[in-house]
Structures are given as C-alpha cells and as structure tokens.
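A short worksheet on the structure shown next.
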Amino acid sequence: MSSWASVGVLVGGLVLVVAGAELFFDALLVAAGRLGVSAFLLTVVVSGFELENLAAGIAANANGLPDAAAGTFLGGTTFLALGVAGLGALLSPLRPRPPGRALIWTAVAGVPLLALGLDGRLTRLDGGLLIAWFSLTLTVVARAGAGHNVEPTPQHGRYVLPKLLAGLGLLTAGGELLGEGIRRGVANFGISEALLGNTAVAASVEAEEVARVATPARRGRPDIALGNILGTIVHFVGLNAGVIALVKPLELSDVSVHLHLPVAAASAPVLAAVLAWRGGLGRSEGAFLIVLYVGYVVASVLAAVLA
C-alpha cells in the first residue's frame, strides 16, 4: 500500500468512526429524552461515551500499536482538558464553573491510571480496576451537577434502535480502517506511533468536541459545554483505558510513561484549578490553556525526534 493510500485509509477510518459515533449519540439523546433524563446528567454520562475513541484504541492495540492505542485516551485527555476547553472558551466564554465536587473528582480521575501505568504496562486486572474507578467517579460527578437547572433533552425522533445499530456498525468498520491506517502510516512515513496517536489521531478523532463545547456555550448553556468536557475526561482515563486493557494488555513505551501519561493525568487538575480559581473559562483562560497544549505538542515532537 502506497504512502498516500495509507493516508486515505486513515482518513476514511476517521470519517467512519466520527459519523458512526454521531449517529449513535443522536439516537441515545432521543432515547434518554423520552426517559426524562436531565441534560446535564445526560451530557456527563453519555457525551463522554466516545465510541469512536474507544474503537480507535482497541483497533490500534489489536494491530500491534500499543502506544498509538494509549494515545487515544492519553493524548485525547490532554486535548480535551487543554485544547478543546481552550478553543471553546476562545470562541465563547464558559461561565459559570461546575459544582466544586465535580471539579475535585474530575481532577483526581486520572490518578489511578497514572499509578497503574508507571510500570509501563496496563494488564487486564488494571483494566478492571480502572473500570471500577470510572463507575465511582462518574456517579459522583454526575450527581454533583444533576440538580442544575437544565433544559430537557429531545424526546422526538424516529428509528432510534436502527440508528443505534447502524452507528455501532460504522464504528466497527471505521475502527478497523483506522487501525490499519495508523499501522501503514507508521511503516510508510516513519512517524513515531506515540506521537501520531497522542497528537494527530487524538485531535482528529476528537475534533468535533470543539463544536460540542462551543455550540451550547454560545446558546447560553455553558453548564452543558463544561459537563461534556468533564464527563469525557472521566470516561477516557477510566472506561476507555480500562476496556482497551481488558481486550488486550497494553504495553507502554518510555515516552508514553514519562511524557504522555503524566501530562494526561495533570491536564485535568490544571483545568479544574483554572475553573475553580477564575469561576469559569474566559478568553484569557482559554488562551492560557491553548499555550499549554501547544507546549505539550512541541515536547511530543522533540521526544519523538530525540528517541
């Protein structure tokens, strides 16, 4: 397969997983609306359920690219906490801040992942522990903001079950293409899989998060915008990391252990501290987070070059 053909496979996989996730997510919104679930609670619990990210991680690990697989939740967490939050605040300020308890638990959400991953391996036992931790953390974060005055979710929609199944089908096919595209890209271009997974792939798969954050903020719903970020971070460092390790134990390289893992674990506390200190995210806070993310990308490139 030629270099540009591998790029085409990678892009095709990204398109499929994003499209599948959007279809699946929209159907979940309607189903939850019919059950009368609050918008904030739904956002924290469901919006963070990033099936495209999970599919990409499982596929990459199955194709023998553990660092790229880890990048989907490590680089993804950093991109969300610094890049997405920063860009969202630049486009439309995110105020007021979420409840203090939600911020505290989001800040510590990555601590177990950091502790378990420092030995360079995430075993199936580690995966099970991370999923259990995720269940506890998500419950606390969701309950902390469940009392917010939020608008009801959509209750009308057709063909909910077929849309759910179609979304899952697209995610499965897209995940396979994405894993193959990553493998071919690493082979043909000589790109570090850790760099590719933690920056390009993580940002590409999560690019739609910027719109998911900016749109509700622009419409006067910063609570939902921030709920999306907090909920997704909790999912990434707990559920996604745990499920990927359960499917196949994950081996981490030195650069993942010493750079991408600690930065991902630290990015959530940084975001929580800024939110608590400034009472939300204005454009100056957004610019600060973007500067931090650019610094991380530069460090990632240098680590790949010097490796």
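The values are calculated or read from the model by the stated rules, or taken from the named source; none is laboratory data. Note that this is a predicted model, so its numbers are computed, not measured. Quick reminder, even Gly has a Cβ in these numbers, built from the backbone with ideal geometry, and neighbours come from all protein chains shown. Just the protein is used for accessible areas: all its heavy atoms, side chains included, with ligands, DNA and RNA removed. Shrake-Rupley method; radii C 1.70, N 1.55, O 1.52, S 1.80 Å.
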Note to self: Among the residues of the range 222-232, are any in a helix (DSSP H, G or I), under 18 Å from Leu289 (Cβ atoms), open to solvent by 10 Å² or more (accessible area, probe 1.4 Å) and in contact (Cβ under 8 Å) with a residue 60 or more places away in the chain?
What the structure shows: yes
Check: Is one or more of the residues making up the range 50-66 over 22 Å from Trp277 (Cα atoms), assigned to a helix (DSSP H, G or I), at pLDDT below 90 and β-branched (Val, Ile, Thr)?
Finding: no
Next item on the list: Would you point out which residue out of Val301, Val255 is assigned to a helix (DSSP H, G or I), under 15 Å from Leu114 (Cα atoms) and touching a Ser or Thr at 6+ places or on another chain (Cβ under 9 Å)?
Entry: Val255
Next item on the list: Filter the range 251-273 for residues that are of a type in the set (S, T, N, Q) and either touching a His at 6+ places or on another chain (Cβ under 6 Å) or crowded, with 23+ Cβ neighbours inside 10 Å (or both) and give the result.
Entry: Ser256, Ser267
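For the range 254-267, check the following and say yes or no: at least one residue is within 24 Å of Tyr296 (Cα to Cα), modelled with pLDDT under 90 and either β-branched (Val, Ile, Thr) or over 16 Å from the mean Cα position of the chain (by Cα) (or both). Even if it seems obvious, please write down each step before you answer.
Here is the first cut: in the range 254-267, the residues within 24 Å of Tyr296 (Cα to Cα) are 254-267.
Checking the rest, the ones that are also modelled with pLDDT under 90 come to none.
No, there is no match, as no residue in the range 254-267 is within 24 Å of Tyr296 (Cα to Cα), modelled with pLDDT under 90 and either β-branched (Val, Ile, Thr) or over 16 Å from the mean Cα position of the chain (by Cα) (or both).
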